[in-house]
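Input: a single structure, listed below in structure tokens.
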Amino acid sequence: MAGAALVFPGQGSQKEGMAQAWRGHEAFARWAEADELLGRDVTRLGLDAPAKELRQPVNCQVALFVHHVVLLEAWRAAGGALPVAVAGHSLGEYNALVAAGVLSFPDGLRLVDARARVTQEAADAKPGTMAACLGFDVERVREACAAAGAYLANDNATGQVVAAGSEPALYRLKELLAPERGKVVDVNVGAAYHSPHMAQAAEAFRAVLDTTGFADAAVPVVANVDAAPHTAGSDWPGLLREQLVAPVRWRETIATLASMGAGQVVELGASAVLTGMVKRTDRSLGRRNVITPEDL
């Protein structure tokens, strides 16, 4: 019998007041724990922060990480089955590591907080942005990026590829792809994530990763960098550092999860993001979202 894979989305999946519906659940206590661990009002980000404030990387990454842990613990408390594997898109990979027992909640939170700060600093030092290339083959986008001086950042799904780079590079990319069938849409994230623009962040993040304990995984974690399953804790300092500058291979990750026996993908997040990518890539996989307590 096919099993389930748990997946966690990244930046862009956040919603204002996303934690409100979970206030009565025992797992909501993770927000107060995050307040204490980081010495800031993280709970307010989940309950009351306006969209503009929540979009800022230093707020968004921490708030999403805590929210996903609440959903994970609620899923388990409701009798959610042990997954055959887990995966997360970009920031969501840290929640996948918590789900697999590779990271503790405090260590994961500390890493995400540091990651948010170093990526913001890198974005300030080397400005950039991202654009979604819809309806194009991934190899065509890769070629166009090379010609434009941009970078392929996310291979999300069939016909859904995201590029990153400087604003002039992405303008050139749009010009190159304009005559072809498909469209290029700006992604308002304020940084060129998963590209060489984040090299400064990867180097700054090294010291934090090297002082963090990574346990071996209870279930395999399919990594963004190589779309392969990993169980050794020792793999993760290198993978998480590389994740900052390398493309997210999500389309291939979906194929890997299917090959490992996942017949259904369960997305734990504030909005349905990854299940849409699954639908575009492999319609044979079942899809389920947990957004509110009623979804359990």
What's the number of the only condition in (1) in contact with a helix residue (DSSP H, G or I) (Cβ under 8 Å, 6 or more places away or on another chain); (2) without any contact (Cβ under 8 Å) to a residue 60 or more places away in the chain; (3) in a helix (DSSP H, G or I); (4) surrounded by fewer than 19 Cβ atoms within 10 Å (Cβ to Cβ) that TRP31 fails to meet?
(4)
Select from the range 89-112 the residues that are under 25 Å from ASN156 (Cα atoms) and either in a helix (DSSP H, G or I) or charged (D, E, K, R) (or both) and list them in ascending order.
GLY92, GLU93, TYR94, ASN95, ALA96, LEU97, VAL98, ALA99, GLY108, LEU111, VAL112
Looking at the range 101-110, is at least one residue among the aromatic types (Phe, Trp, Tyr) and surrounded by 21 or more Cβ atoms within 10 Å (Cβ to Cβ)?
no
Looking at ASP113, is it of a type in the set (Asp, Glu) and either outside the structural domain of ALA246 (by TED's automatic domain parsing) or in contact with a Ser or Thr (Cβ under 6 Å, 6 or more places away or on another chain) (or both)?
no
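Can you tell me how many residues in the range 2-16 are more than 21 Å from GLU93 (Cα to Cα) and either buried (at least 24 other Cβ atoms within 10 Å of the Cβ) or touching a Gly at 6+ places or on another chain (Cβ under 8 Å) (or both)?
Selection size over the range 2-16: 1.
Out of curiosity, is LEU173 crowded, with 23+ Cβ neighbours inside 10 Å and closer than 22 Å to LEU111 by Cα?
no
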Just to be sure before I move on: is LYS183 assigned by TED's automatic domain parsing to the domain that holds ASP137, crowded, with 18+ Cβ neighbours inside 10 Å and at negative phi in the structure I sent?
no
Starting from residues that are assigned to a loop (DSSP other than H, G, I, E, B) and of a type in the set (Gly, Ala, Ser), keep the ones in the range 18-28 and report whichever is nearest to the chain's Cα centre (by Cα).
ALA19
Just one of ALA227, ALA218 is among the aliphatic types (A, V, I, L, M), in contact with a Lys or Arg (Cβ under 6 Å, 6 or more places away or on another chain), surrounded by fewer than 21 Cβ atoms within 10 Å (Cβ to Cβ) and in the same structural domain as GLY24 (by TED's automatic domain parsing); which is it?
ALA227
On the given criteria, is ALA262 surrounded by 20 or more Cβ atoms within 10 Å (Cβ to Cβ) and more than 19 Å from the chain's Cα centre (by Cα)?
yes
Residues of the range 1-23 being modelled with pLDDT under 95 and farther than 29 Å from THR256 by Cα, which ones?
none
Single condition ASP155 does not satisfy, out of (1) modelled with pLDDT of 95 or more; (2) charged (D, E, K, R); (3) over 16 Å from the mean Cα position of the chain (by Cα)
(3)
Test SER90 against the criterion of being among the hydroxyl-bearing types (Ser, Thr, Tyr) and over 21 Å from the mean Cα position of the chain (by Cα), and give yes or no.
no
Given the criteria in contact with a Lys or Arg (Cβ under 7 Å, 6 or more places away or on another chain), surrounded by fewer than 17 Cβ atoms within 10 Å (Cβ to Cβ) and not β-branched (Val, Ile, Thr), does SER234 qualify?
no
Does the range 72-88 include one or more residues that are within 29 Å of VAL162 (Cβ to Cβ), without any contact (Cβ under 8 Å) to a residue 60 or more places away in the chain and part of a helix (DSSP H, G or I)?
no
What is the residue count in the range 229-256 for residues that are under 16 Å from the mean Cα position of the chain (by Cα) and in contact (Cβ under 8 Å) with a residue 24 or more places away in the chain?
16
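The values are calculated or read from the model by the stated rules, or taken from the named source; none is laboratory data. As the structure is a prediction and not an experimental result, all values here were calculated from the model. Neighbour counts are summed over all protein chains in view; Cβ atoms, including those assigned to glycine, are modelled from backbone coordinates with ideal geometry.
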